[in-house]
Amino acid sequence: MAYACPRSVTRHTAELVRPPRRIRPSEAARILRTEKGPWEPELVPMMREPLDMLGSREYQGIAFVGPARSGKTMALVFGSMAYIVTCTPGDMLITHMSKDTARDFSLTDVDRTIRNSPELAAALSPRASDDNVYDKFFRSGMRLKIGWPAISQLSGKTLRIVVVTDYDRPENRDDVDGEGPLWLPASKRITTYMSSGKCVAESSPEAEYLDARWRPSTPHEAPPARGLLEVYNNGTRARWYWPCQHCGEFFQAQPGLACFGLPPDKELEERVRTEDLLRLAQQYARVVCPHCGGTHEQRQRPEMSARGVWLHEGERIAKDGTKDGQRRGTNIVSYWLGGVAAVYQSWESILLNEFQALSTYLRTGEES
């Protein structure tokens, strides 16, 4: 896919007559700079496709469920901002958890990203009144608004793109001022733009499951829950697959702990009661291929991720990387990334946190 990108705000006047170059959203986002340095999509290859869906005319909704430390906020929130500002200007709303967190997000993350990204800084309107806490105007005339889950923020506005960050966190996410789940009023704002409008939501899954006896009826189905998992289930239901370094077959980087080959529940509970939890986490911090039983160390994760692919419900992938099958028909493209694939989270820490929580539960009965 290719996407039209108008002239860069930093080009000389003589260059403005050149035809627009064509660029993917994930490539446009390379202009992003933080205080730690540039955003590099090679470090988070699983974020390329979800971000590139901004340029798709097939889907109006993009839902991404993933763990903390996976790079999802930088890619989908700031990557979207970079692409919209520099390539397809149009009014944009970023919705945060509350008015207070929206203010903090604007004054820290948004302002710092714009200040450290020269092309974004150059695109900002030079008038002081056009740059405030909740509204930022750009030379193109587009407006970036920072808001929160309230009908006063989500009604009466026509927007090119709406991005909801930390979707599962707000207490009113399931009913925003009587207008239904947050996704509904957010997605209504983009309808005027038809196929070029986008509603994007990202979050770690935080909603409680509604049925403890649930079993999936399809390989990628999420448990019955409100929040972003509900949106995910209404979408294409993509999961991340990566190749075994031993047999070459692709297998799913599943949400949860299934990839680690842990012992049965009763045995694990006994070992958590009696053994050193850090050593136990170190022992099982290996991913097991379900095809051949081969194990993978965390040092192999970058290589596996570099060749990883998203498979949507109904699609299949062969050992040579060719895909076939028919994905679900829907106007929402949805993704769920397992913590095992989170770039900035170690396998040892994932397991240690789980074992500590299980130890607390076994001693106290406390499930939280």
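The values are calculated or read from the model by the stated rules, or taken from the named source; none is laboratory data. Source: prediction; values computed, not measured. Here the Cβ is made from the backbone with ideal geometry for all residues, glycine too, and neighbour counts use every protein chain on show. For accessibility, only protein heavy atoms count, side chains too; no ligands or nucleic acids. Shrake-Rupley method; radii C 1.70, N 1.55, O 1.52, S 1.80 Å.
Cross-link partners of residue 145 among aspartates and glutamates, defined as those whose alpha carbon lies under 17 angstrom from its own and excluding same-chain residues fewer than eight positions apart: 91, 100, 104, 109, 111, 130, 131, 135, 166.
Restricting the calculation to Cα atoms, every distinct pair contributes to the Kirkwood radius of the chain, found to be 21.9 Å. Taking region 27-131, which trypsin sites (Lys or Arg not before Pro) meet the DSSP loop condition and have no more than 13 other C-beta atoms within 10 Å? Here the sparse-neighbourhood loop sites are 36, 57, 127.
For the pair residue 139 and residue 158 in one chain, pulling the backbone fully straight at 0.36 nm per residue adds 4.9 nm over the alpha carbon distance.
Measuring only protein heavy atoms, the 1.4 Å probe finds residue 319 accessible over about 110 Å². Which entries of 36/323; 36/319; 36/188; 72/99; 36/99; 188/319 have Cα-Cα distances beyond 30 Å here? Among 36/323; 36/319; 36/188; 72/99; 36/99; 188/319, the Cα-Cα distance tops 30 Å for 36/323; 36/319; 36/188; 188/319. Calculated [222 nm] ellipticity per residue, helices only, for the chain: -6500 deg cm²/dmol; basis is -39500 (n - 2.57) per DSSP H run with n ≥ 4, divided by all residues, nearest 500. Above 17 Å, the calculated P(r) of region 94-230 contains 65 percent of its Cα-Cα pairs. Relative to the compact-globule estimate of 2.2 N^0.38 Å, the Cα radius of gyration of region 70-116 comes out at 1.16.
For region 268-307 versus region 326-342, the spacing of their alpha-carbon centroids is 24 Å. Say a paramagnetic label sat at a point 7 Å from the Cα of residue 99, along Cα to Cβ; which residues of region 157-184 have their backbone N under 12 Å from it? The answer is none, because no backbone nitrogen lies closer than 12 Å to the label point. For the chain, the per residue solvent-accessible surface stands at 48 Å², with DNA, RNA and ligands left out and a 1.4 Å probe. Could you tell me how many degrees, from 0 to 90 and to the nearest 10, lie between the Cα long axis of helix 347-364 and the main elongation axis, the longest principal axis, of the Cα atoms of the chain? Once rounded, the angle reads 60 degrees. Once you reduce region 238-253 and region 138-210 to the center of their Cα atoms, the two points are 34 Å from each other. Of the residues 111, 174, 276, the one that moves most in a GNM of the chain with alpha-carbon contacts below 10 Å is 276. Springs between Cα atoms under 10 Å define the GNM used for the chain, and in it the highest mean-square fluctuation of 223, 264, 243 occurs at 264.
If the elastic network links every pair of Cα atoms under 10 Å, which of 238, 102, 318 fluctuates the most in the Gaussian network model of the chain? Comparing 238, 102, 318 in a Gaussian network model of the chain, the most mobile one is 318.
For region 215-368, what percent of Cα pairs sit more than 21 Å apart? Result: 52 percent of Cα pairs exceed 21 Å. Hey, what angle do you get for helix 265-274 against the long axis of the chain, alpha-carbon based, 0 to 90 degrees rounded to 10? Helix 265-274 and the main axis of the chain meet at about 90 degrees.
Ordering 163, 318, 86 by the projection of their Cα atoms onto the charge dipole of the chain, which places +1 on the Cβ of Lys and Arg and -1 on the Cβ of Asp and Glu, puts 86 at the extreme positive end.
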